[in-house]
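Student: Following this message is one structure expressed as structure tokens.
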Amino acid sequence: MCYAIPAKLVEIDGRYGIVDYFGERRKILLDEDEVAIGDYLFAQGGVFVKKIPDEEAEEILDTWKDIFFELKKVDQSLSKIDKDKVSENVLAVLQKVNHRKSLKLEELKTLFSMKDPKELSVLYEVANHVRERSHGNACCVHGIIEFSNYCNNNCHYCGIRKDRDIPRFRMSEDEIVAIAKEAVDVHGFKALVLQSGEDFHFDTDALIRIVTRVRALGTLVFVSVGMRSRETYEKLWKAGARGVLMRFESSNEECFNTLRPGTSFRARIALLEELRKMGYVIATGFILGLPGETLDDVINNILLTKQLGPDMYSFGPLIPTKGTPLENEKMPTVEDVLKVTAVARLNDANANILVTTALETMSKEARKEGMMAGANSMMINLTPSGCKAMYSIYDDRAGVEDEVSSAIGEAVDLLTSLGRAPTDIGIARGV
Ligand code: SAH
Ligand code: SF4
């Protein structure tokens, strides 16, 4: 059975459409494909993926109906708030959030000043409640394929930086497409991220060929290949790419320019803005815990992410990695990351917030904690284990040993235990 929920198209307004999932409505980008009101389709991350024949859709919906409402009940019972545990000033800020008012800088600081574990648990509960209110129990799960660890850059934090002496790999185009095909046909993924270092061996034409072939499999394609020209991204859009995962890494210009030698903060932000104008769904964010980081930097990171208007927040802790200039830096704590997750959610109710692998690397429970502190999305790594081990952007990455099917099984179990439904995602599970 397919573990994605088909949506019914109920309205069309130019390039956009409104779809319905068991009474919950969402806006999606329709793409150029021909669709009519009443059609069933799969959508992912707010973008149309493909049409589904009525009979097939109705069969899937029939199997899903009861499970969906069961999951919803679990999610709603888990997203209750225990207000008795917080101080007056924190409660005032949280109440403001509850009344859908936006927060001022000082109020964001108040949230960050919370240290008492009981108070923090309320912060996470409120963030989880806000997540539930805006997204219901919908959860996005994307697959990611890391296809080359060659990189032209020397980012100080990164374990695959050019100057680090490590074994390198590059997949062939056929290998990339074969992994994507298995992800779509066998596991039912509806959105795939194709990621690499800045490896210009894959020139524009090569990327176009890969995107075209992967899109033809019937999945939404995100690219995460770093700084390429505007023309390249325009051509990739024409080839069928609809999403870009590119973090701005740090809102502190000086920090960015120091840690990413030879690259520029302004060029990266300008490119992210261009990409959004081109119509791309953007996933962006920052690394938490870079050297010299202040509370203002952390808050500015959250504010800049929102300002860039992404569909998805992607931020995670710095994992100091041997053989990089940041090997002796201090790693943030799980609590630091959860606080940022919760505050980001309170500051932007509508965004999708990803739990990143870097957080999972810190502790086994962290992914669940992140999902209970405001996050609503996750990624499953589909890179075969040999290449995954070499794609060592940081040390001891979580799940390097996992087979794809067990990683999917774990994700599905986690989602089920939290009452989350993959409303517009696709991961397959045999029943
Ligand atoms: N080359 C592309 C995509 C691959 S790197 C790019 O740079 O955009 C993907 C992400 O890994 C980076 O955006 C960075 O935020 C993260 N990363 C790299 N090294 C890291 C480390 N040591 N700890 C935490 N995140 C790291
Ligand atoms: Fe290359 Fe990206 Fe790593 Fe920087 S972060 S060294 S661009 S892979």
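None of the figures in this text is laboratory data; all of them are computed from the coordinates on show. Here the structure is a predicted model, which means the values were calculated and not measured. FYI the Cβ positions are ideal-geometry reconstructions off the backbone, even for glycines, and counts take in every protein chain you see.
Student: For the range 7-78 and the range 100-135, what is the separation of their Cα centres, given in Å?
Tutor: 31
Student: What FRET efficiency comes out for Glu88 versus Glu365 if R0 is 30 angstrom and r is the Cβ-Cβ distance? Round to the nearest 0.05. Present the calculation step by step, with values, prior to reporting the outcome.
Tutor: Values: r = 31 Å, r/R0 = 1.03.
Efficiency for this residue pair is about 0.45.
Student: I've got another one for you. Treating cross-link reach as a plain straight distance, find the lysines whose alpha-carbon is under 17 Å from the alpha-carbon of Lys118, omitting any fewer than eight places away in the same chain.
Tutor: Excluding near neighbours in sequence, the set is Lys80, Lys83, Lys85, Lys339.
Student: Would you mind pulling out the separation of the Cα centroids of the range 236-304 and the range 144-176, in Å?
Tutor: First find each Cα centre; the distance between them is then 20 Å.
Student: Within the chain, which is the longest segment containing none of the GluC sites (Glu not before Pro) that sit in a DSSP loop and have at most 16 other Cβ atoms within 10 Å? The partial results should precede the final answer.
Tutor: Numbers: sites that count: Glu32, Glu34, Glu327, Glu365, Glu401, Glu403.
The segment 35-326 is the longest one with no such site.
Student: Turning to a different aspect of this structure: Taking the Cα centre of the chain as the origin, how large is its charge dipole in debye, to the nearest 20, when only Lys and Arg (+1) and Asp and Glu (-1) carry charge on their Cβ atoms?
Tutor: Working: 55 positive and 66 negative charges, 178 e Å.
Magnitude of the dipole: close to 860 debye.
Student: On a 32 Å Cα-Cα criterion, which of the cross-link pairs Lys104/Lys235; Lys115/Lys190; Lys190/Lys277; Lys50/Lys368; Lys101/Lys235 come out too long? Write out the running numbers ahead of the final one.
Tutor: Working: Lys104/Lys235 40 Å; Lys115/Lys190 40 Å; Lys190/Lys277 24 Å; Lys50/Lys368 30 Å; Lys101/Lys235 40 Å.
Pairs exceeding 32 Å: Lys104/Lys235; Lys115/Lys190; Lys101/Lys235.
Student: Tell me the mean residue ellipticity at 222 nm calculated for the chain from its helices only (DSSP H runs of n ≥ 4, each -39500 (n - 2.57), averaged over every residue, nearest 500). Write out the running numbers ahead of the final one.
Tutor: Details: 15 runs with 179 residues, N = 431.
After summing the helix terms and dividing by the residues of the chain, the value is -13000 deg cm²/dmol.
Student: Can you bin the range 286-431 into rounded, prolate or oblate? Criterion: square roots of the alpha carbon gyration tensor eigenvalues sorted a ≥ b ≥ c, rounded for a/c under 1.5, prolate for a/b above b/c, oblate for the rest.
Tutor: Values: a/c = 2.03, a/b = 1.16, b/c = 1.75.
It comes out oblate by the Cα gyration axes.
Student: Out of all DSSP beta bridges in the chain, what portion is antiparallel? Express it as a percent rounded to 5.
Tutor: Numbers: 19 of 51 bridges.
Beta bridges within the chain, antiparallel portion: roughly 35 percent.
Student: Still on this structure, please answer the following. Label the range 81-134 by shape, choosing from rounded, prolate and oblate, from the square roots a ≥ b ≥ c of the eigenvalues of the Cα gyration tensor; if a/c is under 1.5 it is rounded, and otherwise prolate applies when a/b is larger than b/c, oblate when it is not.
Tutor: Details: a/c = 1.65, a/b = 1.08, b/c = 1.53.
Since a/c reaches 1.5 but b/c is at least a/b, the shape of the range 81-134 is classed as oblate.
Student: With labels modelled as points extended 7 Å from the Cα through the Cβ direction, what inter-label distance (nm, one decimal) is found for Glu34 paired with Lys65?
Tutor: 3.1
Student: What does the C-alpha gyration tensor say about the overall shape of the range 137-418? Classify as rounded when a/c is under 1.5, otherwise prolate if a/b is larger than b/c, or oblate.
Tutor: Values: a/c = 1.25, a/b = 1.11, b/c = 1.12.
Note, shape of the range 137-418 comes out rounded.
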